[in-house]
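Let me begin by presenting the structure, written as structure tokens, before commenting on it.
Each reported figure results from applying straightforward, stated rules to the coordinates on display, with no laboratory input. All figures in this text were calculated on a predicted structure; none of them were measured in a lab. Methodologically, a virtual Cβ is constructed for each residue, glycine included, from the backbone with ideal geometry; neighbour enumeration extends over all protein chains shown.
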Amino acid sequence: MTAQIRDMTKADTGRVGEILYESFNSVASKYGYAQKMKRAEAGESWAWALLHHGSNELLIAEVDKRIAGICCLNPRGNLGGVGPVAVDPSFQGHGVGVQMMRALLKRAENLQSLRLVQEAFNPASFYFYYTFDFLPVENMLDLLLDKDVEQRTDLCANVSEMTAQDLEAVNGYDTPRSKSDRRADLAYYVKWGKVFVYRGKSEIRGYLVSLPGAETVQLGPLLTEGEQEARCLFQHAIAVYKNRRCQTRIMARNNVLVKSLIELGFKIYCLDTLMVRGPWRPGNYLEALGIFPEGV
Ligand SMILES: CC(C)(COP(=O)(O)OP(=O)(O)OC[C@H]1O[C@@H](n2cnc3c(N)ncnc32)[C@H](O)[C@@H]1OP(=O)(O)O)[C@@H](O)C(=O)NCCC(=O)NCCS
């Protein structure tokens, strides 16, 4: 099946939303996992967010003038985030995904490394990314906090909300630790969500991003010096968004933080794998990743 690859426009948002909703939900159902998006509007709100982020490269695959797939590259300095990558279930298995990825890798030629996160129950995409030289480098846990769970509502005194004036300071904290340039992401998060900053004796010791979507509040990226700061940031965010459904993805090796999140009411949805193409590797800081635009 030959696909024409082009850039996404605003007019594609509805159809791209359908593809995101259908492709991710169908793979979850196939392996017996709960559907993360309950209503089609969640797919459309995701497509809208991808487009409004601004610094993303969004590629559309068309077959006979019908949109069959979408993929996204988010360049951040030398490190690019890949995802979502999705093909309409009725077009899958005919080479559309491969053609989209080749076009995306061409756009990523100047980036040293690329990373993406994918759910461990998804063998088709594992194979798919292996063939493009992505390697698993880290186990992650995908966690969900349901809105019906009794949630703690105490705010943390060391946490404040970032404003546009704090952008340089938070970016200055993030860049050497994450080894990526997320300035454009941080500006987007401040505009459309909230960035919680943990300070100890007026020094930044961590931050957590929250982005409300149609159904779920995305918590991440997170980057902190330690578990205590991370726990405070999550607790604060949950108190701010009380009775909203929340999702996050944290490094599975941070067992103290995993236990803290379970205590706060989060349930494990599945194991995820962080896959990298190129030399970049995660550091020793505590990190969480969002679904978007962390891409990843
Ligand atoms: C992953 C995805 C984008 C691939 O798109 P696609 O158009 O179906 O992919 P293609 O047809 O181009 O190629 C798929 C390859 O995977 C192989 N494959 C499919 N299922 C497989 C499995 N269970 N094990 C091993 N290989 C598998 C196919 O044989 C094909 O390889 P080949 O070209 O060597 O024969 C698509 O399946 C999708 O949208 N899935 C749902 C969303 C998703 O999981 N996205 C990825 C995570 S961000």
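Return the calculated 222 nm mean residue ellipticity for the chain, to the nearest 500 deg cm²/dmol, obtained by summing -39500 (n - 2.57) across DSSP H runs with n ≥ 4 and dividing by the residue count.
-10500 deg cm²/dmol
Determine the shape class of segment 1-40: with a ≥ b ≥ c the square roots of the Cα gyration tensor eigenvalues, call it rounded for a/c under 1.5, and otherwise prolate if a/b is greater than b/c, oblate otherwise. Intermediate values should be presented prior to the final figure.
Details: a/c = 4.41, a/b = 1.71, b/c = 2.58.
Taking the square roots of the gyration eigenvalues as a ≥ b ≥ c, segment 1-40 is oblate.
Helix 13-30 against the longest principal axis of the chain: what's the angle in degrees, Cα atoms only, rounded to the nearest 10?
80
Looking at the chain, what % of the alpha carbon pairs are farther apart than 30 Å?
Everything past 30 Å amounts to 27 percent.
Residue separation times 0.36 nm, minus the C-alpha to C-alpha distance between LEU135 and GLU161: what's the value?
Numbers: separation 26, 0.36 × 26 = 9.36 nm, distance 3.60 nm.
Taking 0.36 nm per residue and subtracting the Cα distance, the gain is 5.8 nm.
Evaluate the relative contact order of the chain (contact order divided by residue number), counting alpha-carbon pairs under 8 angstrom at least 6 apart; express in whole percent.
This gives 23 percent for the chain.
Could you calculate the contour length gain from ARG281 to TRP192, that is, 0.36 nm times the residue separation minus the distance between their Cα atoms, to one decimal place in nm? Don't skip to the end; give the middle numbers.
Values: separation 89, 0.36 × 89 = 32.04 nm, distance 2.88 nm.
Stretched fully, the ARG281-TRP192 segment lengthens by 29.2 nm.
Among the listed pairs LYS36/LYS65; LYS36/LYS147; LYS36/LYS267; LYS242/LYS267; LYS194/LYS242, which have their C-alpha atoms separated by more than 19 angstrom in this model?
On the way: LYS36/LYS65 29 Å; LYS36/LYS147 14 Å; LYS36/LYS267 13 Å; LYS242/LYS267 16 Å; LYS194/LYS242 14 Å.
Table pairs above 19 Å Cα-Cα are LYS36/LYS65.
So if we plug the beta-carbon distance of HIS94 and GLU62 into 1/(1 + (r/R0)^6) with R0 = 22 Å, what FRET efficiency do we get, rounded to 0.05?
FRET efficiency, HIS94 to GLU62: 0.95.
Using alpha carbons only, how many degrees (0 to 90, rounded to 10) separate the axis of helix 227-240 from the longest principal axis of the chain?
80
Please list the non-local residues whose amide H lies under 5 Å from the amide H of TYR285, H modeled 1.01 Å from N, same-chain partners needing a gap of 5 or more.
Those lying under 5 Å, H to H, from TYR285: there are none.
For helix 167-178, report the angle its Cα long axis makes with the longest principal axis of the Cα atoms of the chain; keep it between 0 and 90° and round to the nearest 10°.
70
At 0.36 nm per residue, minus the direct Cα-Cα distance, what do THR2 and ARG199 gain on full extension? Give it in nm, one decimal, please.
65.6 nm
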